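The structure appears right after this line, and notes come after that.
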Amino acid sequence: MSESNGRSSGAVAQHSDRGDEVADIVVIGAGIAGLCAAGELAKTGRRVLVLEKSRGAGGRMATRRFGGAVCDHGAQFFTIRGRAFGGIVAAAHAAGMATTWCEGFSRAPTVADPLENTADGHARWRGSRGMTDLPKWIAGGLTAGTVRTGIRATAIGLAAGRVRIAAEDAACGPMSFSAGGVLVTSPVPQSLELFAAGGMTAGQGADAEALASLGSVDYDPCFALMLVLRSPSLVPPPGGIQFAAGPISWLADNQQKGISPVPALTAHAGGEWSRRRFDDPPDNVADELTDLVRPWIDGDPAGAVIERSLHRWKYATPTTILPAPLVAVSAAPPVVCCGDAFAGPKVEGAASSGMAAARWLTRTLGSS
Ligand SMILES: Cc1cc2nc3c(=O)[nH]c(=O)nc-3n(C[C@H](O)[C@H](O)[C@H](O)COP(=O)(O)OP(=O)(O)OC[C@H]3O[C@@H](n4cnc5c(N)ncnc54)[C@H](O)[C@@H]3O)c2cc1C
């Protein structure tokens, strides 16, 4: 075997005799959890690879550019409660990649009710040009070649004391990786599919209790409708409305937010509504959502909406949050799951979970 057990931070590919690309640690997913984990792991000098199935980093911190507009269509803002995430955001702020948006939004029970302004003095943050700025900035700080986009992991299994990851490169086809440990940040139902595909079942390398706990995690879906408008929207400053119930859960004005050069709205449908309409034709969903946000569009949508785009998030927000910041599916070799379904939801919860999982992996590998 030519596999290296040594620690190097270089990004030059190393291969085992069976052709697997070798890394000390493979991270599945370049969302905020995977990237914060990779940043933490890089400090230990280990060779880390982050595999991301999409074309770019960010995951659910997502920004779409179309029709001259810039729209965040996943996470809309983030807050800071802990010191570790606060340190990352402070550095991103100093680099010009993150900034504050406001200290609270308008709220209403549903789209049919009057709005109440509920600024609470607690900063809501955003990426400077859109929410992807923060994950992209973290990815840019890692050694070149650490984050590999366009590579979808298809199976995670154990072989000869290491973890074997089968993957599909969008450009080059099937490939495989061998790692001393793996940190998995995909939405939990997708992570469980990866373990099943790799033969990691209860008693077959995977901890039965861990699998059962992961099996309890569910997510709400979410439709995100983005509208480019002819004239500024009627959303009151600072450009966001949170609805407690009903078909619309959130409405944002991306121009007031400071990311779009032209008037553009992002509307999120509520979890229950999105679940019911999940398989409906996209045009019907977009028509209905456009009608629901009509009170905040200046004029008849037929003429006032220049362009629109609909995104369907299957796993938008976890409805179950597990109590621990990570769940180890295997201890030797270590395979650990983390992300926003672990100990704390949302952007900061995912980042904190990723960093906790990285520290656990470092301790486990250090003592093995
Ligand atoms: C519509 C919506 C609105 C939201 N609003 C807010 C908000 O306002 N504030 C807030 O704090 N949070 C919000 N959130 C939640 C926030 O976006 C998430 O909690 C956070 O981004 C999750 O980060 P993560 O790294 O755990 O997961 P993700 O961001 O989902 O990252 C996982 C990554 O893994 C990749 N991946 C998955 N499977 C594979 C595979 N097999 N191989 C390779 N890569 C794979 C995915 O492409 C993705 O990039 C919102 C989410 C959505 C969808």
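Data for the structure
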| read-out | value |
| --- | --- |
| Computed helical MRE - 222 nm, the chain, DSSP H runs ≥ 4 contributing -39500 (n - 2.57), nearest 500 | -7500 deg cm²/dmol |
| The stretch 197-298, accessible surface, carbon-and-sulfur percent (1.4 angstrom probe) | 51 |
| Whole-number percent relative contact order across the stretch 60-191, with pairs defined as alpha carbons under 8 Å at least 6 apart | 17 |
| Other-chain or far-sequence residues with amide H under 5 Å of M175's (modelled H) | A167, E168, D169 |
| Neighbour net charge for F195 - beta-carbon separation under 13 angstrom, K R +1, D E -1 | -1 |
| 5 angstrom amide H check on L229, placed H, neighbours 5+ away | A264, L265, I306 |
| The stretch 104-121 - phi-based ³J(HN,Hα) in whole Hz, Karplus 6.51/-1.76/1.60, Gly and Pro as x | x, 10, 5, 9, 7, x, 9, 5, 8, 9, x, 8, 10, 8, 10, 4, 10, x |
| FRET efficiency, 1/(1 + (r/R0)^6) with R0 35 Å, evaluated for D298 and R152 via beta carbons | 0.25 |
| Efficiency of FRET from Cβ geometry, E103 and A331, R₀ 41 Å, rounded to 0.05 | 0.40 |
| Relative contact order of the stretch 164-317, pairs being alpha-carbon contacts under 8 Å that are 6 or more residues apart, as % | 26 |
| Rounded accessible area of F85 (nearest 10 Å², 1.4 Å probe) | 0 |
| Relative contact order (percent, whole number), the chain, Cα cutoff 8 Å, 6+ residue spacing | 21 |
| Sequence-distant residues sharing a close amide H with A159 (under 5 Å, placed H) | R164 |
| Surface accessible to a 1.4 Å probe, per residue, for the residues of the chain, Å² | 41 |
| Loop trypsin sites (Lys or Arg not before Pro), the stretch 179-287, which have at most 16 other Cβ atoms in a 10 Å radius of their Cβ (DSSP) | R230 |
| Karplus (6.51, -1.76, 1.60) ³J(HN,Hα), θ = phi - 60°, over the stretch 83-88, in Hz, Gly and Pro reported as x | 6, 5, 5, x, x, 5 |
| Reach of K314 by Cα under 12 Å, taken over aspartates and glutamates that are not fewer than 8 positions away in the same chain | D218, D220, D279 |
| Spatially proximal lysines relative to K136 (Cα-Cα < 16 Å; intrachain offsets below 8 disregarded) | K53 |
| Cα gyration tensor shape for the chain, rounded if a/c is under 1.5, else prolate or oblate | prolate |
| Computed lengthening from A119 to A91, 0.36 nm per intervening residue step minus Cα-Cα distance | 7.5 nm |
| Nearest-10 value in Å² for the accessible area of W313, using the 1.4 Å probe | 40 |
| Distance in nm between pseudo-label sites at D17 and D287 (7 Å out along the Cβ direction from Cα) | 6.4 |
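The values are calculated or read from the model by the stated rules, or taken from the named source; none is laboratory data. Note that the coordinates shown come from a computational prediction; the quantities given were computed from them, not determined experimentally. All Cβ positions, glycine included, derive from the backbone under ideal geometry; neighbour counts span all protein chains shown. These area figures cover heavy atoms from the full protein model, side chains too; ligands, DNA and RNA do not enter into them. Shrake-Rupley method; radii C 1.70, N 1.55, O 1.52, S 1.80 Å.
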